[in-house]
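S.K.: Right, I'll just put the structure down here and ask away after.
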Amino acid sequence: MLSSYQACFCLITLLLFSACGQRAEDPSGVPVMAFEVNEALLGEAVRLDAHGLVFSPPRGWKGASADLLEEINTTVFEKEASVRQESIKVFYDADAGSFLSVTLVQVDGGGSFEEQTEQFANLLSSQQTSVSYRKAAFNKDGLHLVQFMGQSQGMINFKLLLASGGGDLLQFDYVVPMAHYPEQVKAVESSIGSLQRR
């Protein structure tokens, strides 16, 4: 029997992927996803020039200060790990408790995108004993993305990994409390859909 959280998680997963239109597969067999982007739900575009990307956070989510980013980077991430992380942008909705974190991920030894995401997945499963993530890969407007979707303690987390353009990975974490997910799902989908190469 599914718990109410598991049932809600399954329903939310179904709703998100039914809202995103799967158009076809690319030549490698990876599904191509189309996202419904509602510009009215998005904030100003953010350029990540060093990574050749642009995206828009959900409207009303505030950008974190440089001091907060420094605090996150010195207290949250392990510097000696085989997978190193550095937050480069954070946006949050203080009222709902939702946030988006954009993180540079450096995997020891580099390797192909697939090898790096596999090493990241291994690290994720070893650290998150109470969270079960579901992994999926898809292409969106020429970007190859690997998504890890998890739920824990009343929160939904979408981790999206893509190649940064510099040999490392970029991680987009959308974290939303389940209580606010129905009202924020379209803004999250629009934000993911806004992600593109410049």
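S.K.: Describe numerically, in nm with one decimal, the distance between label points set 7 Å from Cα along Cα→Cβ at residue 30 and at residue 54.
M.R.: 2.2
S.K.: Sticking with this one: Along Cα→Cβ, 7 Å out, is where each label goes; now give me the distance between the ones at residue 71 and residue 95 in nm to one decimal.
M.R.: Here the answer is 2.3 nm between the modelled labels.
S.K.: If you don't mind, another one. With a 10 Å Cβ neighbour count serving as the proxy for reagent exposure, in which order, fewest first, do 133, 92 appear?
M.R.: Working: 133 17, 92 20.
Sorted ascending by nearby Cβ count, the order is 133, 92.
S.K.: Still on this model: Using the number of other C-beta atoms within 10 angstrom as an exposure proxy, rank 51, 180 with the fewest first. Intermediate results must be reported in sequence, preceding the final value.
M.R.: On the way: 51 19, 180 16.
The fewest-first ordering by Cβ neighbours comes to 180, 51.
S.K.: Let me check I've understood the local charge: for residue 109, count other residues with C-beta under 13 angstrom from its C-beta, Lys and Arg +1, Asp and Glu -1. What total comes out? Spell out each step's value before the answer.
M.R.: Values: positive: 84; negative: 108, 115, 118, 168.
Here the charged neighbours net out to -3.
No lab work stands behind these numbers, since they all come straight from the coordinates. The model shown is predicted, which means the values in this text are computed figures rather than measured ones. Every residue, glycine as well, gets a Cβ built from its backbone with ideal geometry; the counts of neighbours run over all protein chains shown.
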